[in-house]
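*Asks:* The following block contains the structure, expressed as structure tokens.
The values are calculated or read from the model by the stated rules, or taken from the named source; none is laboratory data. Small disclaimer: the values here were computed from a predicted structure and weren't measured. Here the Cβ positions follow ideal geometry from the backbone for every residue, glycine too, while neighbour counts run over all protein chains shown. Ligands, DNA and RNA are stripped out before the accessible areas are found, and what is left, the full protein with its side chains, is counted by its heavy atoms. Shrake-Rupley method; radii C 1.70, N 1.55, O 1.52, S 1.80 Å.
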Amino acid sequence: MAYLKMAGITKYFPGVVANSSVDFEVEEGEIHALVGENGAGKSTLMKILYGMEKSDAGEIFLHGQPVTITNPQAAIKLGIDMVHQHFELVPSLTVAENVTLGYEPRRGPFVDRQTMVERVRRLSEQFGLQVDPGARVSSLSVGAQQRVEILKLLYRDARLLILDEPSAVLTPQEVDDLFEVLRRLVAEGRTAIFITHKLREVMAICHRATVLRAGRVIGTVRVTETQPETIAQMMVGRDLEMPRRQTSHATPDRPRLIVCDVHAADDRGLPALRGISFAVNAGEIAGLAGVEGNGQTELIQTLVGLRFPERGDLVLDGRTITRERNRTRREHGLAVIPEDRNHQGLSLPSALSENLIATRYQGAPFSRWGVLVPGEIRRFAQRAIRDFDVRVRGPNVAVKTLSGGNAQKVVIARELAQPPAVLIAAQPTRGLDVGATQFVHNELLRLREQQTAILLISADLDELLALSDRLLVIFEGALVGELDRSQATRERLGLLMAGRAGEAAPA
Amino acid sequence: MATQRTPLPYWLIAPILRGSGDVWIGIALWIAIGALVTAALMRARHRAAWRGALLGAVLGGVGGALLLAPLWFGLVSLLDKRCAHCGTQTRPDAATCPRCGHAFTESPRLDAFVAALVNLARVVMTIELALLAGGIILELSGKDALDTYRVLFEWGLGTPRARANSLLAATPIIFTGLGTAIAFRAGIFNVGVEGSLYMGALLAAWIGFTFTDLPALPLIALAFVAGALAGGLWGLVPGYLKARLRVDEVVTTIMLNYVAIEFTSYMVQSGPFFVPGMANAMSKTIAKQAQLPQLVERSQLNASFILALVTVVAIMILMSRTRLGFEARMVGDNPLFARWSGIMVGRTILLVMFVSGLLGGLAGAGQVLGVHYNFTARFSRGFGFDGITIALLGRNSPVGVLIGALLFGALRSGGTTIEVFTDVPIDLVDIVQALIIFFVAIDLNLDFLSRRRRAKTDRDAAPASAAA
């Protein structure tokens, strides 16, 4: 009998189905990977298990017994505990205080500090989690903080540990240490659920993997019997009618965007881009494939001008823009469809017309001498609403009232109102329905005909294969492959994305 | 009592206060207004049948009779929209029905009208509830609440002179309210307008008693400009710290307030502006021609009130029609989006903080040139902090700030005389003011009710989109 069984879990959020009759089973003593794209419903499922969210339908069984988990305390009582992606530690307290928080050993009404430190020390030695119980959490590295989080779970005697993207914040060395700890835990009879979208880690440590996509279970596989590219396909595959392949419009000798040996660090100061070089020609769509978290976000930010490279150069239409700011780059013909539509791409409380002019309000005809020209702005907005078929009552409506597809049309209307020299399109169809996806694809192809250089970054392999003239594959911050469309297949892309470039070479 | 009381036609404001005039006319008037508005709103928003509208009329009438008519406007306008197509209830600001996608056909003009009504109701409701709660406190402590409020209204609004004094009290807080509001609108929690006010006042006073040879107009203009600049530059300090070094502005502005207050006190107590032989800590008196002309006899209401009104219009134009205003609104709505769109967020913060401080400086200069005629240490009775309340009350809109400041002015000016005529301590005004802040903070007006309802509609709507 399965140790944990979640049956028919369904959860709705406004406008989306986060989980749709998900069945999920975990055996005792295994490390079970839960994989999927961002927004596939992994975190929601685990939050339901941990009692942070209430499911709209479905049941949870532990050792075959139905259980109801209404809050995290109930989950902890059942031996289910979770390490969150963003740690929940009190920085000003010591390690021992954090670990025992809420469950302090007492002597009479007072906290028995000696026993507390002693227990935490014993626990940390037992599982090889090296931390000084007396150290303040604020002075610890991220890896050590994570060890504190795991200690906290062990102190509460968790039998089932949920780790939400535990490696996302760690250096490779720290990841190896984490794996060592996990192996020791399962050897001891505990069970772990490992949420991730990094395939290398799934292959390295997990016994089985369950793949979620768009809130549904695609399948559960035994890792030893599976190739990583199979899992990659399960993660990103999408049944969609893709636009028909068209003849190339590329002008090979006219690169409009050149990226030359770019190195950049991520927010933690760790290297995220390690010498990226490529060029995108006029009239070409270059697709960037890769498992999420391999440097795509940093590359987009570097291209847009919100992150400056440590080394390397960016050239737009023959002009070096490495040190230029976002606004200047836009004036030179850069356009961006950002990854995170609702935060980077739109200002939800603002009016539609304000969203539309946010990148071009600085000059005529929208403003003169620092004063806005409302008539021009309204005319522009009305034209954009008509041209891009935005279903909306008028230009003064707040964008937050629009549906996902309509909202993305607003982003596209803004960015493509004048054909740009270079377009960075990051996940342009994420979360969109079929119709809206088609619309976005057609817009990209239309732009390609007008000699725009397009860099398409997508987690959807089918989309990349259908639209791209050329495919680049990014892995751990470096380009590991460049394929012409004729050579590109899902299998080869899958191998490259999984970091196995050697096997992907044509035989 | 020595001074004559001037009874007001209370029935105009609130029938419950009775007083002179025909109470019944007042009650009938409010019943009519309440019934009409409620019925109309029931019909337009709720798509209620005539029976519903009739019910609304009755409820509105009862509400009106109890002086809570504006409260009814607010509550009724909160009522959900109902989709004409499938009958689903949805939140009042929805554009389409979440279940069947049917687009609501209300004209934008009606929407704008309802929005304005809701906003007006919000301000009035907040103050009414505060007065109501204050009244209950008064009754509980054994005072005559109705009589206290009569005194408050009489001395806030009763005579031409009282009205002038209310406007006088409103003048500085119009400036500080505007200054706070534009910073809030840009997402900057600037509570340092008080500091700018002191810096502006000091510099205006210095100009006023130094350049005594200048004729009136250039001298006054120079004093205002210098005061405004001093306030603006003072605002730039926390602005720079926030924009370039990401230092939290709440902490820096609070601390810089103390710096400004103590620095200006030092200047007149023992510093360069110290005047030997003066008992109080105040500077020399400014030149006669620099003193602003008074607008009404026997009141200190002066030309700076007119400047305040002009400033309201100017800030309205600045925020809605200029590039800086657009940038400020975008940064306030979504700073991340602003960055991605190429808006220079740091520069916008600096400019907004400069303008915010500028308005604080104007407030200080206006008080020096129009009321005190010198710089007195610690002369401000929390004008900067009243500005915060007013900005919150007026939801950061210039007109809202003006309305809020006028109400506060009346409250303050009427409140000072409460102790003379009743045994109620002047602290009552502070209590009412605190209650207003309290009710603004809980924001019962829209969010409280609609948030709960939103959670409910979202749950109802989800299965439909799942099926689609």
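*Asks:* Counting only protein heavy atoms, what percent of the accessible surface of chain A is carbon or sulfur at a 1.4 Å probe?
*Replies:* Carbon-and-sulfur percentage of accessible area, whole number: 48.
*Asks:* Next question. For the stretch B:146-425, with every protein chain kept in place, what is the accessible area per residue (1.4 Å probe, Å²)?
*Replies:* Value for the stretch B:146-425: 38 Å² per residue.
*Asks:* Taking 7 Å along the Cα-to-C-beta vector as the label spot, tell me the B:Ser270-B:Tyr258 distance in nanometres, rounded to one decimal.
*Replies:* 1.9 nm
*Asks:* Taking R0 as 60 Å, what's the FRET efficiency between B:Arg246 and A:Ala187 from their Cβ-Cβ distance, rounded to 0.05?
*Replies:* FRET efficiency, B:Arg246 to A:Ala187: 0.85.
*Asks:* Averaged over peptide A:394-403, how many Cβ atoms belonging to another chain are found within 10 Å of each residue's Cβ?
*Replies:* For this peptide, the per-residue mean of nearby foreign Cβ atoms is 3.
*Asks:* Would you kindly state how much longer the chain becomes between A:Ala214 and A:Gln450 on full extension, computed as 0.36 nm times their sequence separation minus their alpha carbon distance, in nm to one decimal?
*Replies:* Once the chain is fully extended between A:Ala214 and A:Gln450, it gains 81.6 nm.
*Asks:* Now, a different point. Calculate the mean, over all residues of peptide B:339-349, of how many other protein chain Cβ atoms lie within 10 angstrom of the residue's Cβ.
*Replies:* 6
*Asks:* Assuming a ≥ b ≥ c are the square roots of the Cα gyration tensor eigenvalues, decide whether the stretch A:287-412 counts as rounded (a/c under 1.5), prolate (otherwise, with a/b larger than b/c) or oblate.
*Replies:* oblate
*Asks:* Relative contact order of the stretch B:146-425, please, whole-number percent, based on alpha carbon pairs below 8 angstrom and at least 6 residues apart.
*Replies:* Relative CO of the stretch B:146-425 lands at 42 percent.
*Asks:* Under the rule a/c < 1.5 gives rounded, and otherwise a/b versus b/c splits prolate from oblate, where does chain A land using the Cα gyration tensor?
*Replies:* prolate
*Asks:* Moving on to the next point. Between the stretch A:105-128 and the stretch A:291-317, what is the C-alpha centre distance in whole Å?
*Replies:* Between the Cα centre of the stretch A:105-128 and that of the stretch A:291-317, the gap is 47 Å.
*Asks:* Okay, next question. What does the extension gain come out to for B:Asp423 and B:Gln294, with contour length at 0.36 nm per residue minus their alpha carbon separation?
*Replies:* 43.1 nm
*Asks:* Among B:303-309, B:327-333, how do they line up from the highest to the lowest mean number of other beta-carbon atoms within 10 Å?
*Replies:* Most protected by this proxy first, the peptides run B:327-333, B:303-309.
*Asks:* Classify the stretch B:146-425 from the C-alpha gyration tensor, please: rounded if a/c falls under 1.5, else prolate or oblate depending on whether a/b exceeds b/c.
*Replies:* Because a/c hits 1.5 or more and a/b fails to exceed b/c, the stretch B:146-425 counts as oblate.
*Asks:* Turning to a different aspect of this structure: Can you give the FRET efficiency to the nearest 0.05 for B:Ala314 and A:Leu93, using r as the Cβ-Cβ distance and R₀ = 51 Å?
*Replies:* 0.50
*Asks:* Determine the distance separating the Cα centre of the stretch A:134-186 from the Cα centre of the stretch A:319-368; give it in Å without decimals.
*Replies:* That distance is 41 Å.
*Asks:* For the stretch A:331-419, what is the relative contact order in percent, using Cα pairs closer than 8 Å and at least 6 residues apart in sequence?
*Replies:* Result for the stretch A:331-419 is 38 percent.
*Asks:* How many Å² of accessible surface get buried when A and B come together, counting both sides, probe radius 1.4 Å, rounded to the nearest 100?
*Replies:* Buried: approximately 3000 Å² between B and A.
*Asks:* Let me ask something additional. Arranged from highest to lowest average of other beta-carbon atoms within 10 Å per residue, in what order do the peptides B:370-378, B:262-270 appear?
*Replies:* Top to bottom by mean Cβ count within 10 Å: B:370-378, B:262-270.
*Asks:* What order, most packed first, do the peptides A:350-362, B:199-211, A:63-75 have when packing is the mean number of other Cβ atoms within 10 Å of each residue?
*Replies:* In descending order of packing, they fall as B:199-211, A:350-362, A:63-75.
*Asks:* If you don't mind, there's one more thing I want to ask. Calculate the FRET efficiency for A:Ala2 and A:Asp132 from the Cβ-Cβ distance with a Förster distance of 22 Å, rounded to the nearest 0.05.
*Replies:* The computed FRET efficiency comes out at 0.05.
*Asks:* Once you place label points 7 Å from the Cα toward the Cβ at A:Asp387 and A:Arg254, how far apart are they in nm?
*Replies:* Roughly 2.0 nm, to one decimal.
*Asks:* Roughly how crowded by other chains is peptide A:324-331, in terms of the mean Cβ count from those chains within 10 Å of each of its Cβ atoms?
*Replies:* 2
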